[in-house]
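So the structure is just underneath, and the comments pick up after that.
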Amino acid sequence: MPDSGTPKTFARIAHHYREKILSGGLEPGAKLPANKEMAASWGVAVATVGRALQQLQVEGIIRTSPRGTFVADDPMAGVSARDRLARVQRVRSLLMEGETSAVSSASLVVPPLYIAEIFDLDHGDQVVRREYTTGRGGTRLTFGVNWYPAHFAAMVPDLLSTGRKKNDDLTARVLEATGRRITYARDDMHGRAADEREASHLGLPVGTPILAGAHRWADDDGVIEYGEWCLPPRMTIGYEYLP
């Protein structure tokens with residue numbers, strides 16, 4: 001049965017063609033195999049190939065037309081997803097300066113089914129779960145929960161530490177300790193009303209409008225970090241795109 005298209009799978013396909021194009025293995029204007037041919041070659045569903053190509057198209061590495069999919073005329077002029085992620089991480093580090101984080105819980109748990117599916121776990125497998133609230137001075141900035149593969153806790157013991165501390169880039173420490181490298185990243189955001197737990201952590205009345213989101217960072221070996229978070233009103237998230 002063809003693979004249903006987990007991030008681990010379509011990120012691997014996108015990474016393969018991204019590296020091949022940016023290394024010069026596929027020249028500008030070269031035509032890629034048809035989606036059905038590519039799906040058969042990788043043993044996946046056509047929809048999975050479509051997701052991988054959509055990612056490359058967003059990055060400006062390929063272009064599509066009624067005649068097929070082609071390498072962009074100047075793929076090197078674009079900024080790769082890896083470069084954009086590195087910049088986001090640098091901005092993230094700057095924004096965290098002066099912030100503190102109160103980690104209310106950090107432990108190995110058997111996760112809900114949707115988290116188990118995200119990490120491609122077997123029944124009963126555990127993950128690291130960290131629940132936290134960030135702030136600056138007396139202002140609460142973020143409430144969230146991050147999830148990591150269970151074996152990361154042995155390499156980065158602070159994943160299981162709780163209490164109040166000055167914010168640091170724990171993700172960078174995870175990457176350094178594990179030798180992993182993020183090659184796929186996705187953020188999803190939507191506005192909605194705060195539920196009782198979110199409102200309590202952010203010091204808001206239940207039902208207050210918030211911005212809620214989730215991020216998923218992965219490489220060819222699977223998800224490295226998955227997080228769900230929410231921001232109170234009048235907080236802004238910005239993304240800067242550089243040439």
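The values are calculated or read from the model by the stated rules, or taken from the named source; none is laboratory data. Predicted model, so just to flag it, every value in this text is computed and none were measured. Positions of Cβ are backbone-derived with ideal geometry, glycine not excepted, and every protein chain shown enters the neighbour counts. Each accessible area value is taken on the protein alone, full model and side chains, heavy atoms only, with ligands, DNA and RNA left out. Shrake-Rupley method; radii C 1.70, N 1.55, O 1.52, S 1.80 Å.
General observations
- For the stretch 170-182, the criterion of being open to solvent by 70 Å² or more (accessible area, probe 1.4 Å), modelled with pLDDT under 95, in a loop (DSSP other than H, G, I, E, B) and in contact with an Asp or Glu (Cβ under 9 Å, 6 or more places away or on another chain) is satisfied by at least one residue.
- Residue match in the stretch 187-199 (condition: open to solvent by 30 Å² or more (accessible area, probe 1.4 Å) and in contact (Cβ under 8 Å) with a residue 60 or more places away in the chain): no
- Among residues of the stretch 4-18 that are assigned to a helix (DSSP H, G or I), those with a beta-carbon under 6 Å from a residue that is open to solvent by 10 Å² or more (accessible area, probe 1.4 Å) and modelled with pLDDT under 60 at least six positions away or on a different chain give the pairs 9/3.
- Total residues in the stretch 138-149, condition open to solvent by less than 80 Å² (accessible area, probe 1.4 Å) and outside any strand (DSSP E or B): 0
- Against the conditions (1) open to solvent by 70 Å² or more (accessible area, probe 1.4 Å); (2) free of Cβ contacts under 8 Å to residues at least 40 places away in the same chain; (3) more than 22 Å from residue 117 (Cβ to Cβ), residue 233 satisfies every one except (1).
- All positions within the stretch 42-60 that are surrounded by fewer than 14 Cβ atoms within 10 Å (Cβ to Cβ) and in a loop (DSSP other than H, G, I, E, B): 43
- Within the stretch 200-211, being open to solvent by less than 60 Å² (accessible area, probe 1.4 Å) and in contact (Cβ under 8 Å) with a residue 24 or more places away in the chain holds for 201, 202, 203, 204, 208, 211.
- Just one residue in the set 106, 39 is surrounded by 13 or more Cβ atoms within 10 Å (Cβ to Cβ), in contact with a strand residue (DSSP E or B) (Cβ under 6 Å, 6 or more places away or on another chain) and modelled with pLDDT of 85 or more; that residue is 106.
- Selection count, the stretch 173-186, where residues are among the polar types (S, T, N, Q) and without any contact (Cβ under 8 Å) to a residue 60 or more places away in the chain: 1
- Pairs with Cβ under 8 Å, 6+ apart, first in the stretch 150-168 and farther than 21 Å from residue 133 by Cβ and open to solvent by 80 Å² or more (accessible area, probe 1.4 Å), second β-branched (Val, Ile, Thr) and at pLDDT 80 or above: 155/174; 155/178
To keep it simple, each residue is scored yes or no on (1) hydrophobic (A, V, I, L, M, F, W, C); (2) open to solvent by less than 60 Å² (accessible area, probe 1.4 Å); (3) under 30 Å from residue 24 (Cβ atoms); (4) modelled with pLDDT of 95 or more.
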{"position": "76", "(1), (2), (3), (4)": "yes, no, yes, no"}
{"position": "80", "(1), (2), (3), (4)": "no, yes, yes, no"}
{"position": "90", "(1), (2), (3), (4)": "no, no, yes, no"}
{"position": "99", "(1), (2), (3), (4)": "no, yes, no, no"}
{"position": "116", "(1), (2), (3), (4)": "yes, yes, no, no"}
{"position": "124", "(1), (2), (3), (4)": "no, yes, no, no"}
